[in-house]
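The values are calculated or read from the model by the stated rules, or taken from the named source; none is laboratory data. What you are looking at is a predicted structure, and each value in this text was computed from that prediction instead of being measured. Glycine gets a Cβ as well: all are built from the backbone with ideal geometry, and neighbour counts include every protein chain shown. For the accessible areas, the whole protein counts, side chains as well, though only heavy atoms, and no ligand, DNA or RNA atoms are used. Shrake-Rupley method; radii C 1.70, N 1.55, O 1.52, S 1.80 Å.
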Amino acid sequence: MTCTDLFSTRIQKNFDDDQAEILALLEANLKKPLKLINYYKGIPLSYPATIASISRGVVDLDVQEMQAFTIEQARSTFIRSPLFKHDLFAQAQYVNVRKKAATFVKFSYVEIMAERRSFVRVEVDAPVNVAITSPQGVVEGRLTDLSLSGFGVLIDYTCPLETGVETTVQFTLLSPETGQPIPISIPATLISISGDRSPYSYRFAINPEKLLERQISQYVFQRQVEIIREVKEIVS
């Protein structure tokens, strides 16, 4: 899951004019609190931040420690404020987790597409082999992320699968809570293919029956807990 999977730009005039407008509004409202949003392994983390200083297009923020860690991983953040009708995207120029400080440049208006998802999508915690059975034969890949509505698979070679094809996908998850295997076999529809070089990213949609829905839901919830615990342990 890449940064660009999470948002879509919403240019109002052009990049330079939009950035000038954003910086002017921030500079005129230095005491207004902001909310930062970052995605770490699929999980959104959001905490308030305050402006420390603004100079020559560079904005220094005081941030929460867990937020600083996720900013460091992404080298960017989303910013939300009543000052703006759209959310903002900014690139991180400097991050210090211990000092709870981050510096940002290159501001733009965006829509956070990840928030439009019906279900939380989490990255799997270890490589998971996948077998995809279709009328074109069996294709092997690696599961990258999972939600109640679909999942992503990386495939190292070009294959005959085309969008819209109905498949059966099999893989085994390990419960983050117990370590026990959870075998999954589920009908899935290929909805998109992306990437101009190996590995290629294939996205599948699913509509699981109740038993599978419960198993996947439990896995996703346990992964969320595990991911949050991981961040807390790293910054503690």
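For every helix of n ≥ 4 consecutive DSSP H residues, a contribution of -39,500 (n - 2.57) applies; sum these over the chain, divide by its total residues, and give [θ] at 222 nm rounded to the nearest 500 deg cm²/dmol.
About -7000 deg cm²/dmol.
With Kirkwood's inverse mean 1/r over C-alpha pairs for Rh, give me the Rg to Rh ratio of the range 114-219, two decimals please.
Dividing the radius of gyration by the Kirkwood radius yields 0.94.
Compute the long axis of helix 65-74 from its Cα atoms, compare it with the longest principal axis of the Cα atoms of the chain, and write down the angle in degrees, 0 to 90, nearest 10.
Taking Cα atoms only, the helix is inclined about 70 degrees.
Ignoring ligands, DNA and RNA, please state the percent of accessible area on the chain from carbon and sulfur, probe 1.4 Å.
The value for the chain is 50 percent carbon and sulfur by accessible area.
Using the alpha-carbon atoms, what tilt in degrees (0 to 90, nearest 10) does helix 15-28 show relative to the longest principal axis of the chain?
60
How big is the accessible area of LYS232 in square angstrom, nearest 10, if you roll a 1.4 angstrom probe over the protein chains?
Only protein atoms counted, so the area is about 110 Å².
Quickly work out the LYS85-to-PHE15 label distance, labels modelled 7 Å from Cα along the C-beta direction, and quote it in nm with one decimal.
2.3
Tell me, what ³J(HN,Hα) does each residue in the range 31-36 have, in order and in whole Hz, if you take phi through Karplus 6.51 cos²θ - 1.76 cosθ + 1.60 with θ = phi - 60° and put x for Gly and Pro?
Those phi angles translate into 8, 6, x, 10, 10, 9 Hz.
Counting every Cα pair in the range 127-177, what percent are over 14 Å apart?
In whole percent, the long-distance tail amounts to 54.
Enter the angle in degrees (range 0 to 90, nearest 10) between the Cα long axis of helix 210-235 and the first principal axis of the Cα atoms of the chain, meaning the one along which they spread out most.
40
For the range 1-81, divide the Cα radius of gyration by the Kirkwood radius and give the resulting Rg/Rh value with two decimals.
0.97
For the range 121-193, run through the chymotrypsin sites (Phe, Trp or Tyr not before Pro) and keep only the ones in DSSP coil with at most 13 other Cβ atoms within 10 Å of their Cβ.
Counting only loop positions with at most 13 other Cβ atoms within 10 Å, the chymotrypsin sites (Phe, Trp or Tyr not before Pro) in the range 121-193 are TYR157.
Give, in whole angstrom and from largest to smallest, the semi-axes √(5λ) of the equivalent ellipsoid of the range 175-223, with λ running over the eigenvalues of the Cα gyration tensor.
Calculated on Cα positions only, the semi-axes equal 25, 15, 9 Å.
What's the longest piece of the chain with no exposed GluC sites (Glu not before Pro), counting a site as exposed if DSSP puts it in a loop and it has at most 16 other beta carbons within 10 Å? Numbers along the way, then the final one.
Working: sites that count: GLU162, GLU177, GLU209.
The longest uninterrupted stretch comes out as 1-161.
Give the residue list of trypsin sites (Lys or Arg not before Pro) in the range 42-108 that are DSSP loop and have at most 15 other beta-carbon atoms within 10 angstrom.
Details: sites: ARG56, ARG75, ARG80, LYS85, ARG98, LYS99, LYS100, LYS106; in loops: ARG56, ARG75, LYS85, ARG98, LYS99, LYS100.
Here the sparse-neighbourhood loop sites are ARG56, ARG75, LYS85, ARG98, LYS99.
What accessible area per residue, rounded to a whole number of Å², is obtained for the chain using a probe radius of 1.4 Å? Don't jump to the answer; show the numbers that get you there.
Numbers: 12520 Å² over 236 residues.
Accessible area per residue, the chain: 53 Å².
Under a plain spin-label model, where a point goes 7 Å from the Cα along Cα-to-Cβ, how far apart in nm are VAL58 and GLU115?
The answer from the label model is 2.9 nm.
Looking at the P(r) of the chain, how many percent of alpha-carbon pairs lie beyond 32 Å?
That fraction is 31 percent.
Heavy atoms only, 1.4 Å probe, whole protein assembly: order TYR94, TYR40, TYR219 by accessible area, highest first.
Solvent-accessible surface, decreasing: TYR94, TYR40, TYR219.
Evaluate E = 1/(1 + (r/R0)^6) for THR50 and SER185, where r is the Cβ-Cβ distance and R0 equals 30 Å; express this FRET efficiency to the nearest 0.05.
Approximately 0.05, to the nearest 0.05.
Which FRET efficiency value, to the nearest 0.05, is calculated for ARG142 and GLU233 with the Förster distance at 30 angstrom and r the Cβ-Cβ distance?
The calculated FRET efficiency here is 0.70.
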